[in-house]
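Let me begin by presenting the structure, written as structure tokens, before commenting on it.
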Amino acid sequence: MTEALPKINPFLPPDWAPMRPLCPWKQSYQRDYYVSVDDTDQAFKDFTQEMDDPTTLLHEGRLALVTGDSGCGKTALVHRCADDVARRLDGIGRTTEIIDLTDVLNGRRQQPTIDARMAIVCDRLFGALKSRGALRSDAVEELASDRDLPDRVYPYLPDALVDGIVLVVLLPMVELADEVMRYAAYATERMLFLVESSLLTKDEVSGVIRAQEAWGRLIGLHVGPLKRGDVARYVNDRLDRHSTDGDYPLMSEETMSRVEPRLQSVAQLQRALYGTYKERLRKAVRYDRSSSVTEQDIVDFLKSQYRDGPGRLP
Amino acid sequence: MSTGTPPPRPNPFSPTAVARVTGFEHSDASELTIETDAVREATSYLSAYLHAPPPGAGQDPAGEVIAILGEYGTGKTHLAVRLVRHARRVLHDPERAIYLDATADSFVALYRRFIDRLGLARIKRQVENYYADIVAEALEGVGLTSGVVEKPGEREPMPHEVVERLGLMESALLRKVQETLRRVTDNQHFGTALTLLLRSGFDEIVWAWLQGGEPHQVLKERGIDKPINNEVDALEAMGVLALLYGGRQARFVLVLDELDKIFSSAQQPQADTVHAFQKLLQVFASAGACLVLCALPDLRSVLYTSTRQRISHMVDMKGLTVDEIHTFIKLSQQAEFGRAELAPFTHDSIRYLRDTTGGNARYVIKLCHDAFRVVDDLIRNTRNPKIVVTPEIVREVARKQLGFLSANDIHNIVRVILDANGWSYIRDHLLADDPESRTDFWVTFQDRAGGCAIMVTGPVRDDADMAPLTRRIVTVRMAEPEGRLILIVNGILAEEHAAELRERLGVEPLVYVEPGFAEDFKARVRATSDRLPRIVGSTPLTEVQQRIDQINRQHSKIYDSIGHLATHIDGVRSSSDQRLAAIERTLNALMLASQGGAATGPARLPAAPALPREIDQLFLDAINVLDELTQLDLMMDEAYGQTDGSAMEDVQARLSAADFFEAVGVAHLMRTNVLSFRTAVTDWYRAEIVESAGHPSPRAEERLEALCRAYDDVAEFLPTFTLRPLTDMAPWTARGGADVAELSQRQRRIRVQTALDNLSPRVQRVLLRSALASGG
């Protein structure tokens, strides 16, 4: 008789929060956690093709703009791209500094203007580079008083960075084409800006791409809603991946195809499935491979979320 | 101390007869309304709109534009307020029926009041409703429909909560809201700005722009690059808000009162404003919203035909009939005393009342109020309960209340103007043997044939007034075919008769209205003389001679005036030293008072309280007018300050003038009443607005209403016409210049009326408006 496996939630990555986007440059095990849903695989391929030779960053900067609606996996894709570049540069002996500034504008009472936003980002970037020792000491001294002036800091950065360092900056979410264009103009050698947007329209994105064509600095990536078969691919990946780690109910192909029309994005799918399994586990009824999570379980969970809010999610 | 006279009965009629337009949102108590044809008609149009079934798929919702047209005082505002209440009752939602009165002469100002009245919270709620619709659609996709909440007492979650709880694609939903709002409002800027209200950090910026401010840089970055600060943009913005409210197949009623302040024949708006206004009407109709416009009858002629055609219904406010006044009196007395009785009014007095006022609702109510008070005083003083309101009493109160002058007054005014301009005239001149050919003045011009007949008549309200007047006009015309005729109407001129007289005379009759009568009259006489045929044989020399005669006549009058003026100036000069001394004493007293020194007598005006300037100005105007009228402090100061006795003589002359004491006493009581009202209002403002830092509560509004009522109850016994001896008398500082004083006498009367009449509703209105604006 084999030892009973622990009851686990197959939709919770180890040492990770359930709704936190994957971040392989922080958790390397997550490099193979990406499932081909939401066009993310295609977008990632597009990125690696564009950055076929990451050493080009040494003499020309790039900006990758990831667009797509909320919950479609933009942040996870940004992290994957950052990790990919860093790994490949590392492979040829270069040091990559990944600076995550995605949350520096959160929680403000009033929305700042583009100038103010860029000033805040610039200031925080300077602070992060300084504290990591990525700037030459003479450059720190020279730039310190202008640290929130993008026009002063960004053009000077390639010279200010310690030799051998390539900078990957994860910018806060943008919603205006102007802001993207301005960052694209600042993306000079040894710099890769990664920025996401859920509010830019298709026309605006096309406009930005067209405007940047001549410079060749901009990489446009797009992720979309779930497509047919995405739910099954995602569920099967997670249920198979943890089959030796613990015990949990399975899900029939029929259930997967029935819930597919209810769920539009990978974030919504992750939220619904993680929550449903958690609920099953909490109720302590039939939580093993001989049992199944049904469409009704998922719908019940969604209803409870609608009624009671997210309090039940950790 | 009791005098043994029974106390006065409460007056069932409003002394101001001004419809209440603030605070009615919270009040269930409806003002008394007489179901006139116009009231029934307007209410039925609105009801049909409110109860219309929702349009079928693909059909446009049916909106309405209703115009309520009538002269001042015919009850437009009263009806407007009633319509708003009606709509709110039917729609079960006070947010869906809004009353707005134009307080300035522009649509920009009106729009700003509209947006302030709606408030940010309401607009956000409306935008959230659109978001909720879109989230509900998304929920259907998830397999959840609204109504999942099963536990009784639990509320449906807000749309952003649902999005967050279920992880819906917020960006896609917001984009849909923006597209919907752009489509619904047909305005890119509003679609963008309103959608931003669904996100955190944009409220203040968007609200400032909606209120007419320059767009913040954050908005400019999003394509909103101009403020709403011209007539066309303001009208478009109003339409957008109507679409916002009406766009969800919902009913929305906006009542725009006093539109004549913006649109009138006297103030013709620019063509692009008229076009934008036309578009507003179109937008309301296509949004399925209802726009009610209240204005003077000349709105018809101001608007283009194409704009008029956008108005679905026009309702004309007519004068109250005798039967309607009957009903009004009975209902008013029932509301006050519990008995629907006519006494002390009689059928005769009501008929007379109707004839005098032409049924103008405001005049009817004011005269009922005054007549009731007069008769109640008589009943109390004589203890004879059988005394009734007679036509004579109505005539007397009308004379005092409505400011109509006596025939003698009008004759005097006309005479003064003719004299001052050097025109020669004969008074009470018969142009033929027929007594009907009598003209009040026959003015001739030496180089012109014929002359100009000036006829003064009383009110022209109906056919009974018209018939004798027409006979006189025809007779005068026949007697002097080459002559011209100027008709002066002292009182009401019914519109239909105005048109008839205009046709008959070829020119509008002159209605005696102050201010401006003298100028109008002079211009009319000059124009008339120009149209008279020149006398054949008139040579340049005779013309010069005639002109010199005219100038001589003018000069003799001017010398009289200069004589009076010179006396006055001498008086001023001789007393200037004493005046200076008096001013120094006054300044010293003020400085002492400001330094906390001992009081040197009664405080002239308490320190300004913490009222907003606009409101305090109403009180200060009233107090200043009364002070200017009496100038008692100055008079007494000068009596003690001058040693030659000249001031004392003038003081004694004043003190011995007829009715001076009574008028001064009334003025003093009025002043005290205004000051007490001001103090009470200040306390109210401090407690209900400043300290509670928000909109006044319904209870606070009731308290304010009670304060206003208390002021009115006292003011009722202090009518402004009792100040007449003071307004007729030259002010103390202008004594000695009789002609100068004569010219400003009527202006003083008007000043008194402007500052004191309807003080409490004006204070209440401005106060609540200011509180609502400052409360955000």
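Tabulated results
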{"item": "Residues of the range B:427-449 satisfying the condition of being among the acidic types (Asp, Glu), under 20 Å from B:Pro533 (Cβ atoms) and free of Cβ contacts under 8 Å to residues at least 24 places away in the same chain", "result": "none"}
{"item": "Whichever residue in the range B:217-248 is among the β-branched types (Val, Ile, Thr) and open to solvent by less than 10 Å² (accessible area, probe 1.4 Å) and, among such residues, is nearest to B:Gly201 (Cα to Cα)", "result": "B:Val218"}
{"item": "Search result, residues across the range B:172-198 that are within 14 Å of another protein chain (Cβ to nearest Cβ), farther than 21 Å from B:Glu231 by Cα and of a type outside the set (Ser, Thr, Tyr)", "result": "B:Ala172, B:Leu173, B:Leu174, B:Arg175, B:Lys176, B:Val177, B:Gln178, B:Glu179, B:Arg182, B:Leu196, B:Leu197, B:Leu198"}
{"item": "Candidate set: the range B:469-480, residues that are assigned to a helix (DSSP H, G or I) and open to solvent by 50 Å² or more (accessible area, probe 1.4 Å); chosen: the one farthest from B:Glu500 (Cα to Cα)", "result": "B:Met478"}
{"item": "Residue check, A:Asp115 more than 14 Å from chain B (Cβ to nearest Cβ), part of a helix (DSSP H, G or I) and open to solvent by 20 Å² or more (accessible area, probe 1.4 Å)", "result": "no"}
{"item": "Matching entry among A:Ala214, A:Ala184, A:Ala232 (being away from chain B (no Cβ under 14 Å) and farther than 27 Å from A:Thr40 by Cβ)", "result": "A:Ala214"}
{"item": "Residue identified as free of Cβ contacts under 8 Å to residues at least 40 places away in the same chain and over 17 Å from the mean Cα position of the chain (by Cα) among A:Arg87, A:Arg124, A:Arg117", "result": "A:Arg124"}
{"item": "Count of residues meeting criterion [open to solvent by 10 Å² or more (accessible area, probe 1.4 Å) and in contact with a strand residue (DSSP E or B) (Cβ under 6 Å, 6 or more places away or on another chain)] in the range B:249-260", "result": "2"}
{"item": "Residue that is open to solvent by 10 Å² or more (accessible area, probe 1.4 Å), over 20 Å from the mean Cα position of the chain (by Cα) and under 16 Å from B:Gln211 (Cα atoms), where the choices are B:Arg113, B:Arg122", "result": "B:Arg122"}
{"item": "Residue satisfying condition, being more than 26 Å from B:Ala285 (Cβ to Cβ), open to solvent by 30 Å² or more (accessible area, probe 1.4 Å) and facing chain A (nearest Cβ under 8 Å), within set B:Glu156, B:Glu161", "result": "B:Glu161"}
{"item": "Residues satisfying the stated conditions in the range A:88-112, i.e. crowded, with 17+ Cβ neighbours inside 10 Å and either among the small types (Gly, Ala, Ser) or within 14 Å of chain B (Cβ to nearest Cβ) (or both)", "result": "A:Leu105, A:Gln111"}
{"item": "Residues located in the range B:87-110, provided they are in contact with a strand residue (DSSP E or B) (Cβ under 8 Å, 6 or more places away or on another chain) and either part of a loop (DSSP other than H, G, I, E, B) or surrounded by fewer than 18 Cβ atoms within 10 Å (Cβ to Cβ) (or both)", "result": "B:Leu91, B:Ala102, B:Asp105"}
{"item": "Subset of the range B:375-420 (residues that are farther than 30 Å from B:Arg526 by Cα, surrounded by fewer than 18 Cβ atoms within 10 Å (Cβ to Cβ) and at pLDDT below 80)", "result": "B:Arg399, B:Lys400"}
{"item": "Test for B:Arg300: is it assigned to a helix (DSSP H, G or I) and closer than 30 Å to B:Tyr49 by Cα", "result": "yes"}
{"item": "Filtered residue count, the range B:199-231, keeping only those that are outside any helix (DSSP H, G or I), away from chain A (no Cβ under 13 Å) and under 20 Å from B:Arg182 (Cα atoms)", "result": "6"}
{"item": "Boolean, B:Phe328 is in contact with a Phe, Trp or Tyr (Cβ under 8 Å, 6 or more places away or on another chain) and either part of a helix (DSSP H, G or I) or surrounded by fewer than 20 Cβ atoms within 10 Å (Cβ to Cβ) (or both)", "result": "no"}
{"item": "Answer residue from the range B:64-83, given it is part of a strand (DSSP E or B) and out of contact with any Pro (no Cβ under 8 Å at 6 or more places or on another chain) and is surrounded by the most Cβ atoms within 10 Å (Cβ to Cβ) among those", "result": "B:Ile68"}
{"item": "Condition met for A:Leu194 (touching a Gly at 6+ places or on another chain (Cβ under 9 Å) and part of a strand (DSSP E or B))", "result": "no"}
{"item": "Candidates B:Val90, B:Val81, filtered to the one that is modelled with pLDDT of 85 or more and in contact with an Asp or Glu (Cβ under 9 Å, 6 or more places away or on another chain)", "result": "B:Val81"}
{"item": "Any hit, the range A:272-284, residues being part of a helix (DSSP H, G or I), more than 9 Å from every other protein chain (Cβ to nearest Cβ), buried (at least 20 other Cβ atoms within 10 Å of the Cβ) and acidic (Asp, Glu)", "result": "no"}
{"item": "Qualifying residues in the range A:249-264 (those that are assigned to a loop (DSSP other than H, G, I, E, B) and within 13 Å of chain B (Cβ to nearest Cβ)) - the one surrounded by the most Cβ atoms within 10 Å (Cβ to Cβ)", "result": "A:Leu263"}
{"item": "Output for the range B:482-506, where each listed residue is crowded, with 20+ Cβ neighbours inside 10 Å, out of contact with any Phe, Trp or Tyr (no Cβ under 9 Å at 6 or more places or on another chain) and outside any helix (DSSP H, G or I)", "result": "B:Arg484, B:Leu485, B:Leu487, B:Leu493, B:Ala494"}
{"item": "Which listed residue is among the aliphatic types (A, V, I, L, M), at pLDDT 80 or above, under 28 Å from B:Pro15 (Cβ atoms) and crowded, with 20+ Cβ neighbours inside 10 Å, from B:Ala710, B:Ala680, B:Ala715", "result": "B:Ala715"}
{"item": "Residue tally, condition among the small types (Gly, Ala, Ser) and either open to solvent by less than 10 Å² (accessible area, probe 1.4 Å) or assigned to a helix (DSSP H, G or I) (or both), over the range A:219-248", "result": "3"}
{"item": "Tally of residues being within 14 Å of chain B (Cβ to nearest Cβ) and not aliphatic (A, V, I, L, M) across the range A:52-77", "result": "9"}
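Residues checked against (1) among the hydroxyl-bearing types (Ser, Thr, Tyr); (2) part of a loop (DSSP other than H, G, I, E, B):
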site: B:Val364; (1), (2): no, no
site: B:Phe372; (1), (2): no, no
site: B:Asn412; (1), (2): no, no
site: B:Leu418; (1), (2): no, no
site: B:Asp428; (1), (2): no, no
site: B:Thr439; (1), (2): yes, no
site: B:Gly450; (1), (2): no, yes
site: B:Ile454; (1), (2): no, no
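Per-residue answers, yes or no, for (1) under 13 Å from B:Leu166 (Cβ atoms); (2) modelled with pLDDT of 90 or more:
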site	(1), (2)
A:Thr244	no, no
A:Asp247	no, yes
A:Glu254	no, yes
A:Ser265	yes, yes
A:Gln268	yes, yes
A:Val293	no, yes
A:Asp297	no, yes
A:Lys303	yes, no
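The values are calculated or read from the model by the stated rules, or taken from the named source; none is laboratory data. In this text, all values refer to a predicted model and were calculated from it rather than measured experimentally. Don't worry about glycine lacking a Cβ; one is built from the backbone with ideal geometry, like all the others, and counts go over all protein chains shown. The area values use the complete protein model at the heavy-atom level, side chains included, leaving out ligands, DNA and RNA. Shrake-Rupley method; radii C 1.70, N 1.55, O 1.52, S 1.80 Å.
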